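Structure first, then comments.
The values are calculated or read from the model by the stated rules, or taken from the named source; none is laboratory data. Since the model is a prediction, treat every value here as computed from it, not as a measurement. Neighbour counts run over all protein chains shown; Cβ positions are idealised from the backbone, glycine included.
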Amino acid sequence: MNDYDKDSRGGGRGGAKGAAKGKDDKAGRRGGLFRRRRVCKFCVEKIDYVSYKDVKVLTPFIPERGKIQPRRISGTCAKHQRALQVAIKRARTLALIPYVTD
């Protein structure tokens, strides 16, 4: 009997039988802890335009390594994440923000 035979009967990898186990009692929780959903800083403060000139707004979204933080970590919405990314890249081009730190 090979792996293909196991998959066709539902007993092998990726079977649908074990996928629903234990999800009813911990719905919406990860690891037993409830995580509060982050809200977009720009939506809360009703900022429509993210300016590349405002370095104080941009620096919290760049860690010490110099990378742009992703949405899941920074908590920004998709619209503002795109605007933030463009603003950071423009500020780097004009040497307002460093590309990397030592």
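A few notes on this one:
- Applying the condition of being exposed (fewer than 11 other Cβ atoms within 10 Å of the Cβ) and either at pLDDT 95 or above or touching a helix residue (DSSP H, G or I) at 6+ places or on another chain (Cβ under 8 Å) (or both) to the stretch 71-94 and asking which residue is nearest to V39 (Cα to Cα) yields A78.
- For the stretch 7-25, the criterion of being part of a helix (DSSP H, G or I), of a type outside the set (V, I, T), at pLDDT 95 or above and over 17 Å from the mean Cα position of the chain (by Cα) is met by none of the residues.
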